[in-house]
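In what follows, a structure is listed as structure tokens, so that the remarks can point back to it.
Just so it is clear, none of the values below were taken in a lab; they were calculated from the coordinates. Since the model is a prediction, treat every value here as computed from it, not as a measurement. Positions of Cβ are generated from backbone atoms using ideal geometry, with glycine treated the same way; all protein chains shown enter the neighbour counts.
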Amino acid sequence: MLNKYFRVIVGIMVLISVALTYFVDQNWMWFGAFIGVNLIQSAFTKWCLLETILIKLGVKKEGDSCSSC
């Protein structure tokens, strides 16, 4: 479940970045660049702030539910 929430939130953030860049100001492109750099960083360090926040909000990791027992 965590992976699903993560992908949806990141996808929405990228789309927001594109929309803000197109409609508001080109400097919003840096927001999209930050998202990309964060994804690359998390691939190497195996740590992502969004994942930590989602877990603290109670989102279960895959395999943590009773349906996998």
Which of the residues belonging to segment 10-29 are exposed (fewer than 13 other Cβ atoms within 10 Å of the Cβ) and within 20 Å of LEU50 (Cα to Cα)? GLY11, ILE12, LEU15
Any residue in segment 32-43 that is within 17 Å of ILE12 (Cβ to Cβ) and without any contact (Cβ under 8 Å) to a residue 40 or more places away in the chain sitting within a Cβ distance under 8 Å of a residue that is surrounded by fewer than 12 Cβ atoms within 10 Å (Cβ to Cβ) and not β-branched (Val, Ile, Thr)? List the pairs, counting only those 6 or more apart or interchain. ASN38/LEU49
